[in-house]
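Undergrad: The structure's right below; bear with me while I get my questions together.
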Amino acid sequence: MEWLESSWLAESVRQSLWLYPLLEILHILSFSILFGAVFLFDLRLLGFSRRLPITALAKHLFPWVYLSFGGTILTGFCLFIVDATAIAANLAFRLKLLLILLAAINAAVYQKSVSKSSQKWNVGVSSPTKVKAIALISLILWTAVIGSGRLIAYL
Ligand code: HEM
């Protein structure tokens, strides 16, 4: 943590008047796109807008999910290294990283085990219970990530 805090990147962010607020803005922008895309896809899996083909929605949203996830991690890391020792000890931050890991595993379960059969429940029919469960878990986990992220400043 001390090595990260003394890195030239951490030093540059600390020395700059506008770099930290800019990183915060980019962090918020990235996770807003991430959460928005995940939220809308999960609602479709839960059965909203059944006339909307799941495969077409996935093709539209998933590139933004991957891009915004990368952007959130990158900006989050730059925010983190500025005060790595203190933030690493922050319970809300630790909880957030655990929740991000669980949400990523849940998304991988969707990709690996159910998305291949999505043609069977693509349009106009109810998604299988397993798919709805994955969507509900995703909504709960990502909402908790946002909540724990906000609590970092309070703990
Ligand atoms: C990928 C999912 C992530 C989401 C959804 C997320 C969400 C959030 C939220 C909601 C906040 C509070 C923003 C505010 O109220 O101003 C926040 C702050 C923060 N996040 Fe993340 N974050 C994510 C990943 C990360 C990662 C991977 C790191 C570090 C490795 C990180 C580091 C931080 C830090 C240091 C803050 C505090 C910034 C400050 O208020 O000074 N985040 N994040």
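The values are calculated or read from the model by the stated rules, or taken from the named source; none is laboratory data. Bear in mind the structure is a predicted one, so any value in this text is a computation, not a measurement. Here the Cβ is made from the backbone with ideal geometry for all residues, glycine too, and neighbour counts use every protein chain on show. Note: accessible area is taken over every heavy atom of the protein model, side chains too, but ligands, DNA and RNA are not part of it. Shrake-Rupley method; radii C 1.70, N 1.55, O 1.52, S 1.80 Å.
Undergrad: Can you compute the charge dipole magnitude of the chain about its Cα centre, using +1 on each Lys and Arg Cβ and -1 on each Asp and Glu Cβ, nothing else charged? Give it in debye, rounded to the nearest 20.
TA: Numbers: 13 positive and 6 negative charges, 228 e Å.
The calculation lands at about 1100 debye.
Undergrad: Using label points projected 7 Å from each Cα along Cα→Cβ, tell me how many nm separate residue 154 and residue 16, to one decimal.
TA: Taking the two extended label points, one gets 3.0 nm.
Undergrad: In region 2-151, if the dipole is taken from +1 on Lys/Arg beta carbons and -1 on Asp/Glu beta carbons about the Cα centre, which of 52, 36, 77 is farthest to the positive end?
TA: Looking along the dipole axis, the top candidate is 52.
Undergrad: Could you state how much accessible area residue 154 has, in square angstrom rounded to the nearest 10, with a 1.4 Å probe and all protein chains kept in place?
TA: 150
Undergrad: With every protein chain kept in place and ligands, DNA and RNA left out, what is the accessible area per residue of region 2-151? Probe 1.4 Å, answer in Å².
TA: 59
Undergrad: With a 1.4 Å probe and every protein chain left in place, tell me how much accessible area residue 42 has, in Å² to the nearest 10.
TA: 10
Undergrad: If the cut-off is a Cα-Cα distance under 21 Å, which lysines reach residue 112, setting aside same-chain residues fewer than 8 apart in sequence?
TA: Correct list for residue 112: 59, 120, 130, 132.
Undergrad: Can you give me the % of accessible surface on the chain that is carbon or sulfur? Probe 1.4 Å, all protein chains present, nothing else counted.
TA: Numbers: 6990 of 9370 Å².
Of the solvent-accessible surface of the chain, carbon and sulfur hold 75 percent.
Undergrad: Here's another thing I want to ask about it. When a/c is below 1.5 the answer is rounded, else prolate if a/b is larger than b/c, else oblate, so apply that to the chain with a ≥ b ≥ c taken from the square roots of the Cα gyration tensor eigenvalues. Walk me through the numbers on the way to the answer.
TA: Values: a/c = 2.93, a/b = 2.31, b/c = 1.27.
Prolate shape, in that a/c is at least 1.5 and a/b is the bigger ratio.
Undergrad: Turning to a different aspect of this structure: Of 74, 17, 102, which is the most mobile in a GNM of the chain whose springs link Cα atoms less than 10 angstrom apart?
TA: 17
Undergrad: I'd like to know which of 108, 89, 10 lies farthest towards the positive end of the charge dipole of the chain, counting +1 on Cβ of Lys and Arg and -1 on Cβ of Asp and Glu.
TA: Value computed over the given set: 108.
Undergrad: For the chain, what does the relative contact order come out to in percent, with C-alpha contacts under 8 Å and a separation of six or more?
TA: 34
Undergrad: Can you tell me the length gained on complete extension of the stretch residue 77 to residue 32, counting 0.36 nm per residue apart and subtracting the Cα distance? Mind showing how you got there, number by number?
TA: On the way: separation 45, 0.36 × 45 = 16.20 nm, distance 1.68 nm.
Going from the current span to full extension adds 14.5 nm.
Undergrad: Sticking with this one: Suppose the chain between residue 105 and residue 7 were pulled fully straight at 0.36 nm per residue; how much longer would it get relative to their current alpha carbon spacing? Mind showing how you got there, number by number?
TA: On the way: separation 98, 0.36 × 98 = 35.28 nm, distance 3.11 nm.
Extra length from residue 105 to residue 7 when fully extended: 32.2 nm.
Undergrad: Rounded to the nearest 0.05, what FRET efficiency do residue 89 and residue 24 give with R0 = 25 Å and r taken as the Cβ-Cβ distance? Could you check?
TA: Numbers: r = 20 Å, r/R0 = 0.80.
About 0.80, to the nearest 0.05.
Undergrad: Tell me the mean residue ellipticity at 222 nm calculated for the chain from its helices only (DSSP H runs of n ≥ 4, each -39500 (n - 2.57), averaged over every residue, nearest 500). Walk me through the numbers on the way to the answer.
TA: Working: 7 runs with 115 residues, N = 155.
Result for the chain: -24500 deg cm²/dmol, rounded to the nearest 500.
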